[in-house]
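Heads up: the structure comes next, in structure tokens.
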Amino acid sequence: KAIDDAHLFERNYGPRAPAANRRLQDSATVIFSLGTIYQNAHDWNHVVSHYHDWLRTYGRTAMPNQVLSANMLQAHAFIEQHNENNAAPFLNTVVHDWGDGARVTERINGADGMSDEAKALALLEAKTAVSEALFYQAEVLYQAYNHIHFPEYRGQGDLESVNHWAQHNFVEWLQRKKAALDAAEAAYNKLVPLDVPQWMISAASRIGSMYTEFVDAFDDAPVPTEIANDPDLYGIYVGALEEQRQIFYNQAIPKFEFCLITSTRVRWFNDYSRTCESELHRLNPTDYPLADEL
């Protein structure tokens, strides 16, 4: 019934209606809203086709926040189907169309017949779509970071071999892994100026997780038997790990703190905010006890 009513409205007031009757912005909004039916049903193919058709019909006349959201919703539908390759062009379109945000903001603020509250909501919708797009673009770099694995020691049980591993294999892994972390962190930080709480929380949680994954890599590094049985070799091997571990441990704490403070300030709690709380507790249970929640 909702779908039938929406299409009746479109026939009466949409682009194919007589010119005197056209209410294109209202028609665009009504038809745009139909997508929630397909989203709630997890009918992702229909989500893509719906917003594709909507953009073809209303993309030139609709509000920019709706255009950004329509592209992001198509990207989201592909991501839900684990099809990141098809999602990527839509993510790029959202980020490109936003640019520095000035043009979109100007158009929304200059819209006729909209209250200040409606304009604020439209701008928030635009920023939310862009924040989500930036987050999923950063996720690609996060996955690349995760695929760089700790270099297993395969040398002989002597001082020269352990020193060679520590100064070459380990250092090369550390540099490569840290470069991947820096690239992903910079990508996540791009959505901070948009100030959309749920995506700021998600990004902060991911950044913190990358630092703790470094800590865990050092903690979980296997110690070969020939090294474990020699105190001198063991000291060199573990010392190389512990020195770097502390650096990443010290940086993980403030990332998760920012995440938790933000979620508490705006009262927005989700899986990412819970990750921040649990990871802080794991890193330092004395200073960060878990909250008891009903």
- Task: Rounding to the nearest 20 debye, state how big the charge dipole of the chain is about its Cα centre with +1 on each Lys and Arg Cβ and -1 on each Asp and Glu Cβ.
- Result: 1660
- Note on the structure: On the formula 1/(1 + (r/R0)^6), with r taken between the Cβ atoms of Ala228 and Gln143 and R0 of 41 Å, the FRET efficiency rounded to 0.05 is 0.80
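If you scale each eigenvalue of the Cα gyration tensor by 5 and take the root, what three semi-axes come out for segment 103-234, rounded to whole angstrom and sorted largest first?
49, 12, 8
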- Query: Calculated FRET efficiency, Trp173 and Glu84, Cβ-Cβ r, R0 25 Å, to nearest 0.05?
  - Reply: 0.45
- Task: Could you work out how far the C-alpha centroid of segment 205-256 sits from that of segment 139-176, in angstrom?
- Result: 12
- Message: So with the 1.4 Å probe, I'd like the accessible area per residue for the chain, rounded to whole Å².
- Response: 55
- Message: Using the basic label-point model (7 angstrom from Cα toward the beta carbon), what is the Ala19 to Ala120 distance in nanometres?
- Response: 3.9
- Message: For a test of the definition: using alpha carbon positions, the gyration tensor, and the 1.5 limit on a/c, classify segment 1-117 as rounded, prolate or oblate.
- Response: oblate
- Message: Out of the total accessible area of the chain (probe 1.4 Å, heavy atoms of protein only), what percent is carbon and sulfur?
- Response: 51
- For segment 242-294, state which trypsin sites (Lys or Arg not before Pro) are in a DSSP loop and have at most 13 other beta carbons lying within 10 Å of their beta carbon. Arg267
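If R₀ is 25 angstrom, what is the calculated FRET efficiency for the pair Asp182 and Trp268, using the beta carbon separation as r and rounding to 0.05? Could you put the intermediate results ahead of the total?
On the way: r = 27 Å, r/R0 = 1.09.
Rounded to the nearest 0.05, the efficiency is 0.35.
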- As computed over segment 155-294, the Cα convex hull volume per residue (Å³): 117
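The values are calculated or read from the model by the stated rules, or taken from the named source; none is laboratory data. Everything numeric here is computed off the predicted structure, so don't read it as measured data. Cβ atoms come from the backbone with ideal geometry, glycine included; neighbour counts cover every protein chain shown. We work out accessible area using only protein heavy atoms, side chains counted, and drop any ligands, DNA or RNA first. Shrake-Rupley method; radii C 1.70, N 1.55, O 1.52, S 1.80 Å.
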